[in-house]
Amino acid sequence: MDVNVLQDTVDKAGAKVQELENKRQEMSVKLVANPEAYSDEEITKMSNDLAKAKKVRDIAQATLRDARANMKAPVSKSEKSVAHKKAEEIRDAFVKDFTNMVTSGVLPEGSQTTGPNAGLTIPVDVQTAIHELVRSFNSLEGIVNVENVTVPSGTRVYEKIKDITPLANLDDETAAIGDNDDPELTLIKYAIKRYAGITTVTNTLLADTAENIMSWLMNWAAKKDVITRNTEILKVINEGKNGKTPKKATITKFDDVKDMSNNTLDPLIENSSTWITNQSGYNILSKLKDANGDYLLQPDVTQPDRKLIDGKPVQVIADKWLPDISGNHPLYFGDFKQAITLFDRQKMQVVSTNIGAGAFEHDLTKIRFIDRFDVELIDDGAYVVGSFKKVTDQVKQVADTDGTSTNK
C-alpha cells in the first residue's frame, strides 16, 4: 500500500483519539459537577471507545513504520564492496594527483590554479578521516557546537539561555498567542577564514606507497588542525563579547572551586558543563583535597585516563597553547556547546611549491595545508572564567569534647 495513504490513516486515527479524549474531558468536568450527568453505560462506552481508538491508532502507526522500513532496501555485500572500492579509487587518485602536484607542480584538471583558493581539494572521505584523527588528540572541537556550512559567510539567530521565557498558558484552545512572548534574540554573523600551515616533504616520502603517503598527510594535517582550532576557540573564550569576558572568579581555596561549579551558571546547563585549564593549573588542582582527605579530581570510571570535578570532565591544554596570565592559571567552567559555535566550511586544500618559502634555495618542496572555518561566541552566559595561583585544601573539622566542631 502507498505510504501516503498509510500516513493519512495515521492522521485520521490520531484525530479520532483526540476527539474522544476531548469528549472524555468534557464528561469528567460534568460528572464532577453532577455525578448523575451520565449513566454507567455511557461512561463504560466512552472508556471502551477510547481504548479501541488508541489500539487502531497504534496499529496504523506500526503499519506505517514497517512500510517505511521496507522501502529502505538493505545494502548487499556486493554494493558495499563496490562502495569500498570506489572510496579506495578516490584515495588512490588523490594520492596520485598529490604526488604529481608536488613533483611537477601541475594540478589536476578542474583545480583552481590561481588566487587564494588555488590548490588540490582534499576528498570528503579523507577530510572525515582527518577529523576522526583530530578527535583522538586533545581537541576542544568536541566540546563546542560545530555547524557545517557550504557558503563563506552568513548569519544565525540564537536565544540565550538567560533570555528564554516559559510558554504562555492558553486556557482557550482558540486563544491567540500574545505579543508579550517575543524572545530576546541575538544575531550572530560568521565569516569563514583561511588558516594555513607549511611543511617540508621529502622525495623518499613521495616514492612511498599510497597508503603511507595518505597516513603521513592525514596525521600532519590533523595535528595542525587541532592546534589551530583549539587556539581560535580559546581566543573566543578569553576575549568574550566585545572584549568583555564573563564574570571572573578568583580561586584561593577548595570551596571556591565548589562555588564556581555550583553557584555561577544556570542549573539548566550545569550538568552538561566542562572544566578547562592548562597543564600547570591541572597540576595544582590534582593535589587539592577536601576535609576528608579525598582529592578534588576524581577518576572517570568509564574513561580511566580522564578526571572529573563534581562529575564534570576536565579538559587539559598545554601551557604553550593556554598560557598563564600574570602568573595566574586559567580555569573555565561551562557548557561550551551553548556558548560557542565553530562554523566549518569543510573545504581543506593542499598546494605545493619548490620556489617560495625558502624551497628553491634549499632544493626542497614545501606543502601548504589550508583549512577554512570561523569560531563565534553565541552565549557568554553559558560559561564562567576563573583564575588561581595557589589553592588551599578544605579545612578539616575536628570535634571538641563538648560535641562542637572547630576548624583545624
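Taken together, the values in this text are just the output of simple stated rules run on the coordinates, not laboratory data. Everything quoted here is computed from the prediction, not taken from an experiment. Heads up, the Cβs are rebuilt from the backbone with ideal geometry, glycines too, and the neighbour counts pull from every protein chain shown.
What to note about this one:
- Here is the size of region 3-71 from its Cα atoms: Rg then Dmax, 15.8, 53 Å.
- Under 5 Å, built H, 5+ apart or other chain: amide partners of Leu288: Leu296, Leu297
- Of Lys312/Lys389; Lys162/Lys312; Lys224/Lys389; Lys258/Lys389; Lys253/Lys307, those spanning more than 26 Å from alpha-carbon to alpha-carbon: Lys224/Lys389
- Each of the peptides 246-253, 29-36 was scored by the mean count of other Cβ atoms within 10 Å over its residues; in descending order, highest first, they stand as 246-253, 29-36.
- Prolate/oblate/rounded call for region 312-356, Cα gyration tensor, a/c under 1.5 rounded: oblate
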